[in-house]
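These notes concern the structure reproduced below.
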Amino acid sequence: MKHPRPKTTIPPDAQIGVGWYTREQWQRLIEVVGDRSKLNDTFEDWERNALSAVREIESQGRSIRKVMVNVEALMAWCRERGCRIDGAARAEYVVHLIKMTEEKRP
């Protein structure tokens, strides 16, 4: 039986990041993930759902940042941490990429 995830409250000024993939990166992602059954069947389905989620979040006055994900880099990052390539790891990796970008800003 699946247990619902607890709702988390995101501060209104928090930056929201979402992993973004090219068609090629999406194809690579579905080859290597540990939670394939939780992902959309096709790139088109994923893109449609992702864009819908972005619009929904933006309609609430929130800003969202699309973070391009290179799956080979994600795989290396997960290997270094000894974790599966699943939804939690992908989300954590996006946060990692955002933090790295912010640290490089003057």
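The values are calculated or read from the model by the stated rules, or taken from the named source; none is laboratory data. All of these numbers come straight from a predicted model, not from anything done at the bench. Counting neighbours? That spans all protein chains shown, and the Cβs are built from the backbone with ideal geometry, glycine included. Accessible surface areas use protein heavy atoms only, side chains included; no ligands, DNA or RNA. Shrake-Rupley method; radii C 1.70, N 1.55, O 1.52, S 1.80 Å.
Odds and ends about this structure:
- Residues of type aspartates and glutamates that Lys99 reaches as a straight line, Cα spacing below 16 Å, ignoring anything fewer than 8 places off in the same chain: Asp13
- Within the same chain, aspartates and glutamates fewer than 8 places from Lys104 are excluded, and of the rest, those with a Cα less than 19 Å from its Cα are Glu92.
- Heavy-atom surface of segment 26-106, accessible at 1.4 Å and reported per residue (Å²): 65 Å²
- Potential lengthening between Glu92 and Gln15 on full extension [0.36 nm per residue; Cα-Cα distance subtracted]: 26.3 nm
- Packing-based ranking of 73-80, 34-41, 91-98 yields 91-98, 73-80, 34-41, ordered from highest to lowest mean Cβ neighbour count within 10 Å.
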